[in-house]
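Okay, so here's the structure we're looking at.
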Amino acid sequence: MFPDGNPPAGRLPTGIRELDEILGGGIPENSINIIMGAPGSGKTTLAEEFIFANANNGKRPILYLTTLSEPLDKVIRYLQHFRFFDSEKMGSAVQYEGFGTELTANGIGALLPKLKDAIKTLAPKIIVIDSFKAIHDLSTSAQDMRLMLHEVAGLLAAYNTTVLLVGEYRHDDIATYPEFAVSDGIIELARNSLGTRDERYLRVFKLRGSAYQQGFHAFDITDAGLQVYPRLVSPVEAASYKRDVNRTPSGVPGLDPMLGGGFWTGTATLLAGPTGSGKTTMAIQFILEGLRRGEPCLLVNFQENPTQLAYQLEQMAGKLDKDARSRLELQYYSAVELSIDRIVVSIFRALRRNGIRRVVIDALGDLATAAGDPTRMHGYLYALVQHFVVMGVSSLLTLETDPPIMASHESHGRLSHMTDNIVFLEIRSHDGIVGRTLRIAKARGTAHDLQARELQIDGGGLRIGKARG
Amino acid sequence: MADDLEPAGERKVIILVVDRDPHVRELEAHFLNQAGYSVGFAKDGDGALEQARKIVPEIIITEILVPVLDGLTLCRRLKADPETRDIAVLVFSILSAADRAREAGADAFLLKPLAEHTLVDTVRQLLEARSARIKRAQHVS
């Protein structure tokens, strides 16, 4: 009858695996948490997903109290559109109750006896109050509200239950509303406009006694509920990884000798050049070489869909056999429609899922469009490249230099720092003849050919020609 | 200093709850009453000691952090007094202090918050153990 030590606080899953990762395992049991955000930000959806993920018939029920924001019938009507909804749990494992009328009639003092009664009769393992902020509107004074909240917080802390207070709070409210002082966790949901699209973000402001992933994490709301894309951060083992000592052949005849045998495996290469200089062709050659060597490869493209890309690949290499095709993953995104978080997380998941050895991102300018600004893209790209390096994945990132979307001096400097190799493709006029050239500006850890060389192109792709003056 | 929130009525008070927090006292009383036990209250250790000597409950459930006389000192004093040493002591605290409770002579320890099934189950076990202990003592004498 003497438990050993201090048991770690249990966690309740949110129903969203990625959010659980952000929260360090889920919402801590026996905690009071605030879910804040503007109307339409997804607060109620998150609360509902959480309760259905934890609802078990025959066990302690979950109480969802609605106050004065939305009528109960409306909440339940829309709840049924989500796939996590389970009608068999309604009325038993999940009990919705409208509390607005009682609050209006009796004032904020009605909340404490209501919660006591609920604990005594239902013994709920989770209590949601939606909207808690609306209760403020019924308060006759700030002092009354503070006293009531002190009592309510005391009661909820004394009992073995986990609480969500949902409300349309703004940032200013954090400093003034007393519930923020007594809460153990605060999750904010927000919506920002980016060009013609909206981006949804969540962030954890506070999670007492627990580590969590800081910063803004993108999410979407679908009929499955919240789809969360945790912010990609640099891998923790970045400082201690062991660099690969093998070479990764480029697939471009004549290029590997310029690099001392190919790119070092696990390095990142920036392939920069103007339109028509051969970047995509060289990127495809890089992928085809990997496929020929039996390596799983990922080609991320923003302009051609997988069918168009597969056609282009076959034009250069002939029809890919079944084995090669199975090792190739093509990802296509519309940079105008999708957030960079979603793209980067999808790339990262493919790396982990398929044991990818080579990656091409064609092109960084499109990724910058998805990010909204180059600075933001740099942060994500840096983390992604660090993951490539630690995982020993060789990457090739193409960069359009005409028009110079990412070609500012500052931008180039940052890209140069985060990549190991830089290859420039150029279109030059020489003796009145316009031709392509290739120049290696940087190849970390290897003695490389500094000479610009002619680049010939035919049906099989690019090949290195003679040196140009 | 006794704080009788509930009149004992005709039933024998067998559990004394010692806690400074009225919500905890109220909820504990509710779930223990529901399980068929009678409950008395004290909101500090001194009042609890006084009540214990007066009514000799079967069980005292005490928080460590109570005013005047803390829960562990209360436990030591109860166990040192022949009149009260048979009272089973359950330390029910927000402090993770199972070892300290054991050293003070407590019969069981539970960490808050209140989980009604765990509380009632522990009380039942303590009553069974106490009853067996008393029977053994009677048998020996």
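The values are calculated or read from the model by the stated rules, or taken from the named source; none is laboratory data. This is a predicted model, so every value here is computed, not measured. Ideal geometry is used to build each Cβ from the backbone, glycine not excepted, and the neighbour counts take in all protein chains shown. In case anyone asks, the SASA skips ligands and DNA or RNA and just uses the protein heavy atoms, side chains included. Shrake-Rupley method; radii C 1.70, N 1.55, O 1.52, S 1.80 Å.
Quick one: helix A:409-418 against the long Cα principal axis of chain A, what's the angle to the nearest 10°, folded into 0 to 90? For A:409-418 against chain A, the angle is about 90 degrees. Heavy atoms of the protein chains alone define the surface here; on that basis segment A:162-232 has 43 Å² accessible area per residue at 1.4 Å probe size. Between the Cα long axis of helix A:340-354 and the first principal axis of chain A there is an angle of about 70°, rounded to the nearest 10. Per-residue shielding of B:111-123, expressed as the average number of other chain Cβ atoms within 10 Å of the residue Cβ, stands at 3. As a length-normalised measure over Cα pairs under 8 Å and 6 or more apart, the relative contact order of chain A settles at 15 percent. Between A:ASN57 and A:THR275, the contour length at 0.36 nm per residue exceeds the Cα-Cα span by 72.3 nm.
Beta bridges from DSSP with both residues in chain A: antiparallel share about 45 percent, rounded to the nearest 5. Inter-chain Cβ neighbour count for A:151-157, averaged per residue, equals 3 (cutoff 10 Å, partner chain atoms only).
Accessible surface computed residue by residue for segment A:339-465, with neighbouring protein chains in place and a 1.4 Å probe, gives 40 Å² per residue.
Helix A:306-317 axis versus longest C-alpha principal axis of chain A: approximately 20°, rounded to the nearest ten.
A Cβ-based charge dipole, computed about the Cα centre of chain B with Lys and Arg at +1 and Asp and Glu at -1, lands at about 580 debye. For A:ASP244 and A:GLU29, a Förster radius of 51 Å and the Cβ-Cβ distance give a FRET efficiency of 0.70, rounded to the nearest 0.05.
The apolar share of the surface of segment A:279-336, taken as the fraction of accessible area on carbon and sulfur atoms (1.4 Å probe, ligands and nucleic acids excluded), comes to 45 percent. A simple count of charges around A:ALA118, restricted to other residues whose Cβ falls under 14 Å of its Cβ and scoring Lys, Arg +1 and Asp, Glu -1, yields 0. The interface between chain A and chain B buries about 1900 Å² of solvent-accessible area in total (1.4 Å probe, ligands and nucleic acids excluded). Shown is the FRET efficiency for A:ASP4 and A:GLN214, computed with R0 = 35 Å from the Cβ-Cβ distance and rounded to the nearest 0.05: 0.60.
In chain B, the DSSP beta bridges split such that about 5 percent are antiparallel, to the nearest 5. Each peptide in B:129-135, A:273-279 receives the mean, over its residues, of other Cβ atoms within 10 Å, and ordering these scores from highest gives A:273-279, B:129-135.
Peptide A:133-140 has a mean shielding of 0, counted as Cβ atoms of other protein chains within 10 Å of each residue's Cβ. Fully extending the segment from A:HIS430 to A:VAL182, taken as 0.36 nm per residue of separation minus the present Cα-Cα distance, adds 81.9 nm. Strictly over 27 Å apart at the Cα level, which of B:LYS43/B:LYS135; A:LYS120/B:LYS135; A:LYS59/A:LYS120; A:LYS120/B:LYS54 would you flag in this model? Violating the 27 Å limit, Cα to Cα: B:LYS43/B:LYS135; A:LYS120/B:LYS135; A:LYS120/B:LYS54. Could you compute the net charge surrounding A:VAL163? Neighbours are other residues with a C-beta less than 12 Å from the C-beta of A:VAL163; K and R count +1, D and E count -1. Once all neighbours under 12 Å are counted, the net charge is -3. Taking the accessible area of chain B, probe 1.4 Å, and keeping the other protein chains in place, the carbon and sulfur fraction comes to 51%. Residues of segment B:16-32 that lose at least 50 Å² of accessible area (1.4 Å probe, protein heavy atoms only) when the other protein chains are present, relative to their chain alone, are B:HIS23, B:GLU26, B:LEU27.
When the solvent-accessible area of segment A:93-218 is split by element, carbon and sulfur atoms take up 50 percent of it, the probe being 1.4 Å.
Taking each DSSP H run with n ≥ 4 as -39500 (n - 2.57) and averaging over every residue of chain B yields -14500 deg cm²/dmol at 222 nm.
With the convex hull drawn around the C-alpha atoms of segment A:301-436, the volume per residue stands at 137 Å³.
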